[in-house]
Amino acid sequence: MTNNEISIEQINKLDAAAFRLLYKNYYKALVCYAITIVGDSESAEDIVQELFSTIWEKKMLFRSLASFRAYLYNSVRNASLDYLKHKDVEGSYLQKMLDSHSTTFRMEEEEEGFFSEEVYRQLLQTIDALPDRCREVFLMYMEGKKNEEIATALHVSLETVKTQKKRAMSFLRKKLGSYHFLLLQMLLP
């Protein structure tokens, strides 16, 4: 194998050196492609990293380099479109929740101060109930840190950070109920 040559056999065998070279050769182009669809570099990077993780974990087999390249670009396009659909649904849901609870937000000034303090207390209490590593990752996320920064600070993999964030959101969604979970999402970066 020369510097930039990778055979389909090496890809199918999940040869680590070939996989690193694939990542090096395709990562930037795939991220740029995803950015043209989602319009946001962090989300585009997440989409491409997730794709490479999936290929590695599922031990996928390909017939040719051409089919592999087509798979990469089609997967990025589909994942990017799914991301946009999810964002639209999420935004629509948030707006409906805000509209349906608009009377709650029209409180007297004294009640409003108490209300926000109580909401924060409940949110923090629920966050404190998360498992240690999960809570640590989630609090750093709430501070606005990116996945890569969290992974570096905690000396864990990027996938661990993503998994812990998903677990935290799932736990919080169950424990808080839809209204308080909506408020938490409004606080997140």
- [ ] In whole Hz, with x marking every Gly and Pro, tabulate ³J(HN,Hα) for region 150-157 from phi via Karplus 6.51 cos²θ - 1.76 cosθ + 1.60, θ = phi - 60°.
- [x] 5, 4, 5, 5, 9, 6, 10, 6
Task: Under the Karplus curve 6.51 cos²θ - 1.76 cosθ + 1.60, θ = phi - 60°, whole-Hz ³J(HN,Hα) for region 54-71, x wherever Gly or Pro sits - done: 5, 4, 5, 6, 8, 6, 6, 10, 10, 7, 7, 5, 5, 5, 5, 4, 4, 4
Task: Cα-derived Rg to Rh of region 137-178, Kirkwood definition - done: 1.02
Task: Euclidean distance of C-alpha centroids, region 15-51 and region 144-162, integer Å - done: 18 Å
TODO: Using the Karplus curve 6.51 cos²θ - 1.76 cosθ + 1.60 with θ = phi - 60°, work out ³J(HN,Hα) for each residue of region 24-36 in order, rounded to whole Hz, and write x for Gly and Pro.
DONE: 4, 6, 10, 3, 4, 5, 5, 5, 4, 4, 5, 4, 5
Open item on the list: Computing the accessible area with a 1.4 Å probe over protein heavy atoms, can you report the carbon and sulfur percentage for region 6-89?
Closed with: 56 percent
- [ ] For an R0 of 22 angstrom, estimate the FRET efficiency from the Cβ-Cβ distance between Ser53 and Ala129 and round to the nearest 0.05.
- [x] 0.15
Task: Heavy-atom accessible area ranking, 1.4 Å probe, most first, across Arg20, Arg135, Arg69, Arg173 - done: Arg20, Arg173, Arg69, Arg135
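The values are calculated or read from the model by the stated rules, or taken from the named source; none is laboratory data. Here the structure is a predicted model, which is why all the values come from computation and not from measurement. No Cβ is skipped: glycine too gets one built from the backbone with ideal geometry, and neighbour counts run over all protein chains shown. SASA here: full protein model, heavy atoms, side chains in, ligands and nucleic acids out. Shrake-Rupley method; radii C 1.70, N 1.55, O 1.52, S 1.80 Å.
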